[in-house]
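The values are calculated or read from the model by the stated rules, or taken from the named source; none is laboratory data. If you're wondering where the values come from, they're calculated on a predicted model, not measured in any experiment. When we count neighbours, we look across all protein chains shown, and the Cβ atoms used for this are built from the backbone with ideal geometry, even at glycine.
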């Protein structure tokens, strides 16, 4: 590739990085998250302040939280201990996970691609990944799946090295097994999919015997067997993992948890993969169309094609097992999106590099650097205006700030029965003010009524029970305080 085209490629990489950083920060600096993420932040904060323990995390009330393994909560609790209890603590954590994911994707791309043009175009797979709708949504929302994706990337990196190199094979296999262990301790068995890598590698490359491949597969499997055997010898971890298996995993497989609301049923997941790949598919159509229009000679590398197939098979290994359960969400696919992005990027890479080579725009280094500096400055100004604003749930956040002013932290407030099923509300009041709820509202010092969902004449019965409505200006709620014992 001519020198001037490398300047153009450098500009492309920089613009892509600026774009994805800005798109992420636009969401992460604002307040408000999907209620799952708010719940996980509340659990992590509670762990940081001494409520619960690593194997017995505390969320709210007498209810024992056994929905997930606890590794992410332990990691995020460390951030709360360092940064304190502020909304930006979990946002910083999300940002760190996102940065580490990008760094891990870069390392894996550089390690697995064989030609220099592919390595220099490292922003192409990042772009294919970042424009997947669920990626830009899930990472700012503090989800377990993003953490599991990071550990799986490390597992794939080490296991690929074990298959592709002659040195340090056992160490790489052991490291891969440990990373798979961390993935499964974050969000359960779906993290095991990286164990399929040696077999997938053998199917695609066939450069070593099947027997040797199986032996290499055994090493990380043994790591996992030994690790989980030890965990089940320790009573707290045994109880934690057993409750997770019984209350979450087995019930989800049996269809006793939330089920996918789609005529496609469990096959909705395949449609979701296609939808996530659509933006990169449109990019591919544009590049192929440009190449056809200008009758460009596309040089395709067989190594890139095989690597694309490798990543596509790895994508299927990580997604198809989810179809066992009818409990499905698109963000459950977050751990496989990097490999899907790699497969798509490798498929369109020949068209991308050929077009880049044909572009004849004289670019001076000063011009390129000035363009990048201006773009960074403009994006920085844009992001600075978003700090502290409500990205979602603005009315709820406004009302919770009012509650923080007038209620003691940790107060047990009376609510109607419907509010006890409003999981978004429950997550926010626990995360922001450690508030608990009391369904026997007539025994509470304060009663909070949601004017949109609570049914009944609370404005009549509560005064008869000795409560008076406060004058605090809520958007969605009415707060009553007991004035007569």
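Being buried (at least 19 other Cβ atoms within 10 Å of the Cβ), at pLDDT below 90 and in a helix (DSSP H, G or I) is the requirement here; does residue 371 meet it? Walk me through it before giving the result.
Values: buried (at least 19 other Cβ atoms within 10 Å of the Cβ): no; at pLDDT below 90: yes; in a helix (DSSP H, G or I): yes.
It is false that residue 371 is buried (at least 19 other Cβ atoms within 10 Å of the Cβ), at pLDDT below 90 and in a helix (DSSP H, G or I).
Does residue 179 satisfy the criteria of being within 28 Å of residue 283 (Cα to Cα) and either in a helix (DSSP H, G or I) or touching a strand residue (DSSP E or B) at 6+ places or on another chain (Cβ under 8 Å) (or both)? Answer is no for this residue. Scanning region 79-107 for residues that are assigned to a helix (DSSP H, G or I) and over 22 Å from residue 24 (Cβ atoms) gives a single hit, 81. Cβ separations smaller than 8 Å between residues 6+ apart or across chains give the following pairs from region 373-397 residues that are within 20 Å of residue 92 (Cβ to Cβ) to residues that are at pLDDT below 90: 397/390. Taken over region 170-181, the criterion of being touching a residue at least 24 places away in the same chain (Cβ under 8 Å) and buried (at least 20 other Cβ atoms within 10 Å of the Cβ) is satisfied by 173, 176, 177, 179, 180, 181.
Among residues of region 374-389 being part of a helix (DSSP H, G or I) and in contact with a helix residue (DSSP H, G or I) (Cβ under 8 Å, 6 or more places away or on another chain), the one that is farthest from residue 32 (Cα to Cα) is 375.
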